[in-house]
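The values are calculated or read from the model by the stated rules, or taken from the named source; none is laboratory data. Here the structure is a predicted model, which is why all the values come from computation and not from measurement. Please note: Cβ atoms are built from the backbone with ideal geometry, for glycine as well, and neighbour counts cover all protein chains shown. Ligands, DNA and RNA are excluded from the accessible area calculation, which covers all protein heavy atoms including side chains. Shrake-Rupley method; radii C 1.70, N 1.55, O 1.52, S 1.80 Å.
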Amino acid sequence: MARAARKAKKAAKQPASHRTWALSYLAVAAVMFVVYQYALPWEGLPLPIYDFLQLWLPPSSVNEALVYVICALGLNIVVGYAGLLDLGYVAFWAIGGYSAGWFMSNFFEQWNVHGLASVATTEPGVHINFWLVLVIGGAVCAFFGVIIGAPTLRLKSDYLALVTLGFGEIIPQIFFNGEDINGFNLSNGTKGITRLDPIPTGVKDLGPFDFGSKFVVFVLLAAIMVFISLQLRRGRLGRAWLAIREDELAASMMGVPLMRTKLASYAVGAVAGGIGGVAFATHVDGVYAERFNFSISIFLLAMVVLGGMGNVWGVILGAFILAWVNSTGLPALGDTFNSQFGTEIDFPSFTFLLFGLVLIFMILFKREGLIPESRLRLVLHEGDADEELKPAHEEEK
Amino acid sequence: MTLSNELVLDATHISVQFGGLLAVNDVSFNIPKKSVVSLIGPNGAGKTTFFNVLTGLYKPSEGKVMFGDREITDLPPHKIASIGLARTFQNIRLFGLMTAEENLMVAMHSHLKSGIASTILRTPRQRKEEKEALDTAREILDFVGIGKWATEYARNLSYGDQRRLEVARALALKPEILLLDEPTAGMNPQESGVFVDFVHRVRDARDVAILLIEHDMSVVMSVSERITVLDRGEKIAEGSPEEIRSNQRVIEAYLGKAASEGRGK
């Protein structure tokens, strides 16, 4: 009886909380969409509100934050689920970005390939449909994830972090210097690849400045990542990831193949990085090698830690907050502060000081993140957990 | 009770060398089908090293291990586990932040088939497989007597229940051999007595052979059908509990030579 009752309570509790979160996510997205698509261009909107929104929450900052959300959700599978510290995640972001650059622009003028693209077939270059490029970018990243992961994932903790850090430097450097590889221009070097094809949505094609509809595409991609994360988490593979995070030796003694399972998490994370890379390229309408630097990897890791390792909703919140602070919050705060007090403090230059403080603060006082995974809350607050448990024991007697 | 002649595991001439130290020296050891056998010896005798050779954690410098008619000497641990050799740990190593039933379902990993795509899409086959796995997990938990804790996190279970959960998790691998590493460590004599019955019940109901590493002599004597004694990496005796109890070399190894001579007078 008691067991059935507790089970029912648990069953009722858990999916409902995910459902609540999912609905809140969609509701917030819907409100934002209405604001950007209809309220902001509306002439009757009072000027102060317009100015406020443009200063504190411009459409481009929201879209950029969503790109970070997609990538952070992927990193969460590697770091949060499987417990593998990856400091080179930017590599996949770069590969995804260049996939978009290669397959959605005039860059490869020497070829003329068209695949359901949104541009006229007379355009030179490789032009493939955005949605297909997402798949291609994801697949290319999965491939590189396995190539990079196979030798590195044999290492443990600190060593793994160091080697992934190395790969996170190597891949962007290849693109940075890839202007002339035996006469072949792979990446256009520091000049980057610019002007990507618009996103075909079926309704209308999205140009580079159509923020509202691009917003919908990014919200959808992030939602797909959430769905994939949650589904995998509650299945055979997700259990194996968690077991490895808990106790690697015991997991292997229970028949879990360590390498294959870790590789799977690395590859799934890489796919998300690739999709995020394609999204980022369409967001800024170009691919620039210098944007893919080490700080992005750390930035994404900070998002996962701030939000709550292993909890997709926490990661979304963490990614959104940090991306916003980085792109808009600090510069806007700086402008307001400087114009108010007549100072000339360069606020954005304090970004990493701030993030460092956030990380230190989180590790010291709130290690489980803003919205913790229920399991982690249990370890990090031993005392609370014991109290919560008592009723369950008594109920049993 | 006579032991079956059919062997489920046969390790021959196993030696393990760590640098200059010969931790296990030319030990041959087998496990008959559906038997309960024990490996004992003083601290540092090489029991755990030998155990780790069987589970694939160490590769022996010499000798080979046959599982049925398949050689497993060079297989990785997870392969050995999935073909039917499951173990428990001396210092309980459960997945603390997973529920009891999830712990068992991790052990079923190698028997389940769903891949990434079918898990994301929740195909009918995947759902069916998950449901069957959950039912099996519940059934095993009931069998070891902790069914009521199925949805509790492993770390919240009492010490005795955690020991049972370790056995349950090992059984979820559908093993032919169950290796128990000091399963009664930390138990009082009464609990150990219950445990002896439990071991026989597991063997009879689950059709497994059981290998025990144990310090508690009363447990070893009452539970085992055959005992093998290691001392300083070498096998010094093997036989029924009665034979081992009166074996001079065993008494020397455990109590020291002087004591055994004193006993002889």
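Values computed for the structure shown
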| read-out | value |
| --- | --- |
| Checking B:ILE83 against (1) at the interface with another protein chain (Cβ under 8 Å from one of its Cβ atoms); (2) closer than 23 Å to B:ASP207 by Cβ, the condition it does not meet | (1) |
| Condition check for B:ILE140: open to solvent by less than 40 Å² (accessible area, probe 1.4 Å) and more than 13 Å from chain A (Cβ to nearest Cβ) | yes |
| Given (1) in a helix (DSSP H, G or I); (2) open to solvent by 50 Å² or more (accessible area, probe 1.4 Å); (3) touching a residue at least 24 places away in the same chain (Cβ under 8 Å), index of the condition A:ARG154 fails | (1) |
| Some residue of segment B:210-230 being at pLDDT below 90, surrounded by fewer than 16 Cβ atoms within 10 Å (Cβ to Cβ) and at positive phi | no |
| Residues of segment A:229-246 classified as more than 7 Å from chain B (Cβ to nearest Cβ), surrounded by fewer than 23 Cβ atoms within 10 Å (Cβ to Cβ) and assigned to a helix (DSSP H, G or I), total | 4 |
| Filtered residues of segment B:8-47 (kept if without any contact (Cβ under 8 Å) to a residue 40 or more places away in the chain and under 19 Å from B:LEU85 (Cα atoms)) | B:ASN30 |
| Count of segment B:145-189 residues which are away from chain A (no Cβ under 12 Å) and closer than 23 Å to B:LYS33 by Cβ | 6 |
| Check on A:ALA222, part of a helix (DSSP H, G or I), surrounded by 20 or more Cβ atoms within 10 Å (Cβ to Cβ) and more than 7 Å from chain B (Cβ to nearest Cβ) | yes |
| A:LEU196 in contact (Cβ under 8 Å) with a residue 60 or more places away in the chain, open to solvent by less than 50 Å² (accessible area, probe 1.4 Å), of a type outside the set (Gly, Ala, Ser) and in a loop (DSSP other than H, G, I, E, B) | yes |
| Test result for B:SER110, open to solvent by 20 Å² or more (accessible area, probe 1.4 Å) and at the interface with another protein chain (Cβ under 8 Å from one of its Cβ atoms) | yes |
| Set A:SER61, A:SER99: member being at pLDDT 85 or above, surrounded by fewer than 24 Cβ atoms within 10 Å (Cβ to Cβ) and away from chain B (no Cβ under 14 Å) | A:SER61 |
| Selected residue (criterion: nearest to B:THR151 (Cα to Cα)) from residues of segment B:123-137 that are more than 11 Å from every other protein chain (Cβ to nearest Cβ) and open to solvent by 60 Å² or more (accessible area, probe 1.4 Å) | B:ASP135 |
| Out of A:LEU301, A:LEU249, sole residue that is more than 14 Å from chain B (Cβ to nearest Cβ) and either assigned to a helix (DSSP H, G or I) or open to solvent by 50 Å² or more (accessible area, probe 1.4 Å) (or both) | A:LEU301 |
| Residue list for segment A:120-134, restricted to those being in contact (Cβ under 8 Å) with a residue 40 or more places away in the chain and either surrounded by 18 or more Cβ atoms within 10 Å (Cβ to Cβ) or over 21 Å from A:GLY277 (Cβ atoms) (or both) | A:HIS127, A:ASN129, A:PHE130, A:VAL133, A:LEU134 |
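Per-residue answers, yes or no, for (1) within 30 Å of B:LEU3 (Cβ to Cβ); (2) open to solvent by less than 10 Å² (accessible area, probe 1.4 Å):
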site: B:LEU22; (1), (2): yes, no
site: B:ILE31; (1), (2): yes, yes
site: B:PHE51; (1), (2): yes, yes
site: B:LYS59; (1), (2): yes, no
site: B:GLY84; (1), (2): yes, yes
site: B:THR99; (1), (2): no, no
site: B:LEU121; (1), (2): no, no
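Here is a yes/no grid of residues against (1) of a type in the set (Phe, Trp, Tyr); (2) without any contact (Cβ under 8 Å) to a residue 60 or more places away in the chain; (3) touching a helix residue (DSSP H, G or I) at 6+ places or on another chain (Cβ under 7 Å):
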{"site": "A:ALA240", "(1), (2), (3)": "no, yes, yes"}
{"site": "A:ASP247", "(1), (2), (3)": "no, yes, no"}
{"site": "A:SER252", "(1), (2), (3)": "no, yes, yes"}
{"site": "A:GLY255", "(1), (2), (3)": "no, yes, yes"}
{"site": "A:ALA281", "(1), (2), (3)": "no, no, yes"}
{"site": "A:PHE292", "(1), (2), (3)": "yes, no, yes"}
{"site": "A:GLY308", "(1), (2), (3)": "no, no, yes"}
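Residues checked against (1) open to solvent by 20 Å² or more (accessible area, probe 1.4 Å); (2) over 26 Å from A:PHE33 (Cβ atoms); (3) at pLDDT below 85:
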site: A:LEU165; (1), (2), (3): yes, yes, no
site: A:PRO172; (1), (2), (3): no, yes, no
site: A:ASN177; (1), (2), (3): yes, yes, no
site: A:GLY207; (1), (2), (3): yes, no, yes
site: A:PHE218; (1), (2), (3): no, no, no
